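Everything below concerns the one structure shown next.
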Amino acid sequence: MGAAIAGFVTGILSGFGVGGGTLLLIYMTVFTGLPQTLAQGINLLYFLPTAALALPAHVKNGFIERGVLLPAILSGLLASALAAWAATGLDVELLHRFFGYFLIYVGLSELFRRPA
């Protein structure tokens with residue numbers, strides 16, 4: 001039941017672009033005890049349907065810039081493949097630290113962000 005609630009809540013947050021996948025990673029590693037590499041793989045699979053369901057709303061509201069779409073997709077695929085390959089060779093503790101630093105950076109960025 002906890003997994004369904006976490007999936008539902010993070011799905012809503014993902015639809016708003018808040019970063020529900022990051023929260024899902026934290027849930028899976030901290031509260032369910034999944035290894036981080038497995039949680040990251042699950043998170044990637046989780047992202048596909050949530051992104052597909054949010055996409056029509058973003059297109060309808062004009063939030064998609066078609067001119068940058070193909071370069072963003074191609075560079076995102078390349079970066080994802082390289083990062084996944086690098087992650088398989090990293091020590092899990094180092095991967096945990098990198099992810100922790102990333103979360104701290106994102107949290108501080110959001111905390112001190114100036115309203116647009």
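Where a number appears in this text, it was derived from the coordinates with a stated rule and is not lab data. Keep in mind it's a predicted model, so treat the numbers as computed, not measured. Cβ coordinates were reconstructed from backbone atoms using ideal geometry, including for glycine residues, and neighbour counts include every protein chain displayed.
Taking the C-alpha atoms only, the angle from helix 2-15 to the longest principal axis of the chain is near 40 degrees. Residues in segment 35-48 carry Karplus couplings, in order, of x, 4, 5, 5, 4, 5, x, 4, 4, 5, 5, 5, 5, 4 Hz; the curve used is 6.51 cos²θ - 1.76 cosθ + 1.60 with θ = phi - 60°, and Gly or Pro positions show x. Karplus-derived 3J(HN,Hα) values for segment 104-110, using 6.51 cos²θ - 1.76 cosθ + 1.60 with θ = phi - 60°, are 4, 4, 4, x, 5, 4, 5 Hz; glycine and proline are entered as x. Relative to the dominant Cα principal axis of the chain, helix 66-89 is inclined by about 10°. The residue among LEU13, LEU78, MET1 whose Cα reaches farthest toward the positive pole of the charge dipole of the chain, with charges on the beta-carbon of Lys, Arg, Asp and Glu, is LEU13. The Cα center of segment 1-52 and the Cα center of segment 68-114 differ in position by 15 Å.
Relative contact order, percent, of the chain when contacts are C-alpha pairs under 8 Å separated by at least 6 residues? If you can, show how the numbers build up before the last one.
Numbers: 40 pairs, mean separation 20.1, N = 116.
17 percent.
Note on ILE26 and MET1: their simple-model spin labels are 2.4 nm apart, each label 7 Å out from Cα toward Cβ.
What length, rounded to one decimal in nm, is gained on full extension from PHE98 through to ILE12, with 0.36 nm per residue of separation minus their alpha-carbon distance? Can you show the working numbers first?
Working: separation 86, 0.36 × 86 = 30.96 nm, distance 2.62 nm.
Full-extension gain reported as 28.3 nm.
Find the percent of Cα-Cα distances in segment 1-56 that exceed 12 Å, and round it to a whole number. Display every interim value, and only then the final one.
Details: 954 of 1540 pairs.
Summing the P(r) of segment 1-56 above 12 Å gives 62 percent of all pairs.
Shape annotation for the chain: C-alpha extents along the principal axes are 41, 34, 31 Å, from largest to smallest. The modelled label-to-label distance between ALA51 and ALA86, using points 7 Å beyond Cα along the C-beta direction, is 1.8 nm.
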